[in-house]
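Here is the structure we will look at.
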Amino acid sequence: MVRTTLKHRSLRYEASPPLAWVTLGRPGCDNLVDLLMTQELGDVADLLQQQPEVRVLVVTGAGKVFSRGREPLPDAERELGGDVVARWMRDRRAASVLASVAIPVVAAINGDAIDHGLELALACDLRIASKTARLGVTDVSRGQVPWDGATQRLPRLVGRGRALDMLLTSRLAPADEALEMGLVNAVVGPDHLMEQARQAAETLASGAPVASRYAKEAVLGGSDMSLEQGLRLEADLNILLHSTQDRAIGIQSFLHKTVPQYQGR
């Protein structure tokens with residue numbers, strides 16, 4: 001497989017199919033999300049649509065933190081109010097960009113994931129954290145409200161009570177507590193984080209790509225529907241899956257007790 005490495009100004013993208021890696025690359029300012037990072041994540045999302053051989057994306061941070069938030073809105077722009085502020089926020093919804101990626105996404109949380117950094121992690125499908133990481137949202141303590149998914153994705157993941165505790169108190173949860181509440185899927189020592197993330201990504205990549213995308217779509221799409229609507233979505237996606245080559249490969253591999261070689265079609 002062809003290896004692709006792209007060094008943007010705010011992140012690094014590396015694809016070695018079936019895996020790809022994004023490293024948030026602003027360690028000098030704690031990997032704060034800004035306009036450029038959001039735009040470059042959008043470039044990565046577009047590129048992944050052109051690389052069907054990539055089946056799983058891993059996101060991590062350069063340096064000792066995952067991301068400690070976002071660049072603040074300049075006072076001069078805040079004073080303009082209304083449409084200017086709304087546009088400023090819309091253009092920096094980096095977590096929403098990450099959530100739009102169709103393939104499974106793994107967050108390798110190498111250090112603090114705070115405010116917009118946590119929102120980025122919440123936009124991923126699996127989260128593996130270093131023991132040194134802290135996770136939380138401190139916007140309320142500064143008279144603000146999160147606006148890139150924390151108020152919606154966090155309660156869906158850990159429940160309303162725990163989400164309100166984190167949001168309203170602005171406290172930071174250590175990695176072990178984050179694991180206990182279901183905010184992360186695993187906690188490992190910092191020296192083993194990237195290997196653990198790679199192993200998780202390789203496990204995901206070994207599955208049928210189309211089925212993985214449909215399962216992700218069913219879970220995420222169904223969470224905004226009634227149970228009846230969600231069950232209908234699940235059934236519709238299952239019917240679509242019947243027409244794919246991967247399903248036929250999976251059946252033949254099961255019957256002949258061989259390792260399936262999925263094609264993503």
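Among residues belonging to the range 28-44 that are of a type in the set (Val, Ile, Thr) and in contact with a helix residue (DSSP H, G or I) (Cβ under 6 Å, 6 or more places away or on another chain), point out the one that is nearest to Thr4 (Cα to Cα). So that I can check it myself, show each step before the final result.
Here is the first cut: in the range 28-44, the residues of a type in the set (Val, Ile, Thr) are 33, 38, 44.
Now narrow it down to the ones that are in contact with a helix residue (DSSP H, G or I) (Cβ under 6 Å, 6 or more places away or on another chain): 33, 38.
Numbers: Val33: 24, Thr38: 20 Å.
Here the answer is Thr38.
Listed residues Arg160, Arg127, Arg142, Arg153; which is touching a strand residue (DSSP E or B) at 6+ places or on another chain (Cβ under 6 Å) and either of a type outside the set (Gly, Ala, Ser) or outside the structural domain of Ala102 (by TED's automatic domain parsing) (or both)? Show your work before the answer.
Values: Arg160 fails: touching a strand residue (DSSP E or B) at 6+ places or on another chain (Cβ under 6 Å); Arg142 fails: touching a strand residue (DSSP E or B) at 6+ places or on another chain (Cβ under 6 Å); Arg153 fails: touching a strand residue (DSSP E or B) at 6+ places or on another chain (Cβ under 6 Å).
Exactly one of Arg160, Arg127, Arg142, Arg153 is touching a strand residue (DSSP E or B) at 6+ places or on another chain (Cβ under 6 Å) and either of a type outside the set (Gly, Ala, Ser) or outside the structural domain of Ala102 (by TED's automatic domain parsing) (or both), namely Arg127.
Would it be correct to say that Asp176 is touching a residue at least 24 places away in the same chain (Cβ under 8 Å) and touching a Ser or Thr at 6+ places or on another chain (Cβ under 9 Å)? If you could, list the steps in order and put the result at the bottom.
Values: touching a residue at least 24 places away in the same chain (Cβ under 8 Å): yes; touching a Ser or Thr at 6+ places or on another chain (Cβ under 9 Å): no.
Criteria not met by Asp176.
If I filter the range 159-180 for residues that are farther than 14 Å from Gly69 by Cα, surrounded by fewer than 17 Cβ atoms within 10 Å (Cβ to Cβ) and among the aliphatic types (A, V, I, L, M), do I get at least one hit?
There is at least one residue in the range 159-180 that is farther than 14 Å from Gly69 by Cα, surrounded by fewer than 17 Cβ atoms within 10 Å (Cβ to Cβ) and among the aliphatic types (A, V, I, L, M).
When residues of the range 124-143 are filtered for being touching a Lys or Arg at 6+ places or on another chain (Cβ under 7 Å) and assigned to a loop (DSSP other than H, G, I, E, B), how many remain? Lay out the reasoning, then the answer.
Initially, the range 124-143 is screened for residues touching a Lys or Arg at 6+ places or on another chain (Cβ under 7 Å), giving 125, 136.
Those left that are additionally assigned to a loop (DSSP other than H, G, I, E, B): 125.
Residues that pass the stated criteria total 1.
Answer yes or no as to whether Arg55 is at pLDDT 95 or above, touching a helix residue (DSSP H, G or I) at 6+ places or on another chain (Cβ under 6 Å) and within 27 Å of Ala173 (Cα to Cα). I'd like the intermediate steps shown before the answer.
Numbers: at pLDDT 95 or above: yes; touching a helix residue (DSSP H, G or I) at 6+ places or on another chain (Cβ under 6 Å): yes; within 27 Å of Ala173 (Cα to Cα): no.
Taking the combined requirement at face value, the residue does not satisfy it.
Scan the range 160-188 for residues that are part of a loop (DSSP other than H, G, I, E, B) and closer than 16 Å to Arg127 by Cβ and report the count. Explain how you work it out, then say what you get.
If we filter the range 160-188 for residues that are part of a loop (DSSP other than H, G, I, E, B), which is where we start, we get 170-172, 181-185.
Retained after the next criterion (residues that are closer than 16 Å to Arg127 by Cβ): 172, 181-185.
Residues that pass the stated criteria total 6.
Quick check on the range 78-96: of everything there that is surrounded by 11 or more Cβ atoms within 10 Å (Cβ to Cβ) and either assigned by TED's automatic domain parsing to the domain that holds Leu220 or among the small types (Gly, Ala, Ser) (or both), which residue is modelled with the lowest pLDDT?
Result: Ala86.
I'm trying to understand the selection: among the residues of the range 7-55, which are in a strand (DSSP E or B) and touching a residue at least 40 places away in the same chain (Cβ under 8 Å)?
Narrowing the range 7-55 to residues in a strand (DSSP E or B): 7, 11-16, 19-24, 33.
Arg12, Leu19, Leu24, Val33, listed by residue number.
Do the conditions hold for Ser223, that is, is it touching a residue at least 24 places away in the same chain (Cβ under 8 Å), surrounded by fewer than 17 Cβ atoms within 10 Å (Cβ to Cβ) and within 25 Å of Val158 (Cβ to Cβ)?
Here the answer is yes, as Ser223 does meet what is asked.
Is the range 223-235 home to any residue that is more than 19 Å from Ala121 (Cα to Cα), modelled with pLDDT of 80 or more and of a type in the set (Lys, Arg)?
From the range 223-235, those more than 19 Å from Ala121 (Cα to Cα) are 224-235; that's our starting set.
Restricting the remaining residues to those that are modelled with pLDDT of 80 or more gives 224-235.
Still in the running and of a type in the set (Lys, Arg): 232.
Checked the range 223-235: at least one residue is more than 19 Å from Ala121 (Cα to Cα), modelled with pLDDT of 80 or more and of a type in the set (Lys, Arg).
Take Gly117 and decide whether it is crowded, with 17+ Cβ neighbours inside 10 Å, modelled with pLDDT of 95 or more and assigned to a loop (DSSP other than H, G, I, E, B).
Details: crowded, with 17+ Cβ neighbours inside 10 Å: yes; modelled with pLDDT of 95 or more: yes; assigned to a loop (DSSP other than H, G, I, E, B): no.
When the stated conditions are applied, Gly117 does not pass them.
Criterion first (closer than 23 Å to Val54 by Cα, of a type in the set (A, V, I, L, M) and either in a helix (DSSP H, G or I) or in contact with a Cys (Cβ under 9 Å, 6 or more places away or on another chain) (or both)) does Leu231 satisfy it? Don't jump to the end; show me each part of the working.
Values: closer than 23 Å to Val54 by Cα: no; of a type in the set (A, V, I, L, M): yes; either in a helix (DSSP H, G or I) or in contact with a Cys (Cβ under 9 Å, 6 or more places away or on another chain) (or both): yes.
Criteria not met by Leu231.
Anything in the range 181-214 that is without any contact (Cβ under 8 Å) to a residue 12 or more places away in the chain and buried (at least 17 other Cβ atoms within 10 Å of the Cβ)? List them, or say none. Outline the logic, then answer.
Keep residues of the range 181-214 that are without any contact (Cβ under 8 Å) to a residue 12 or more places away in the chain, which gives 191-192, 195, 199, 203, 206.
Answer for the range 181-214, where residues must be without any contact (Cβ under 8 Å) to a residue 12 or more places away in the chain and buried (at least 17 other Cβ atoms within 10 Å of the Cβ): there is none.
The values are calculated or read from the model by the stated rules, or taken from the named source; none is laboratory data. What you see is a predicted model, and the numbers here were worked out from it, not measured in a lab. Cβ sites come from the backbone with ideal geometry, for glycine too, and all protein chains shown count toward neighbours.
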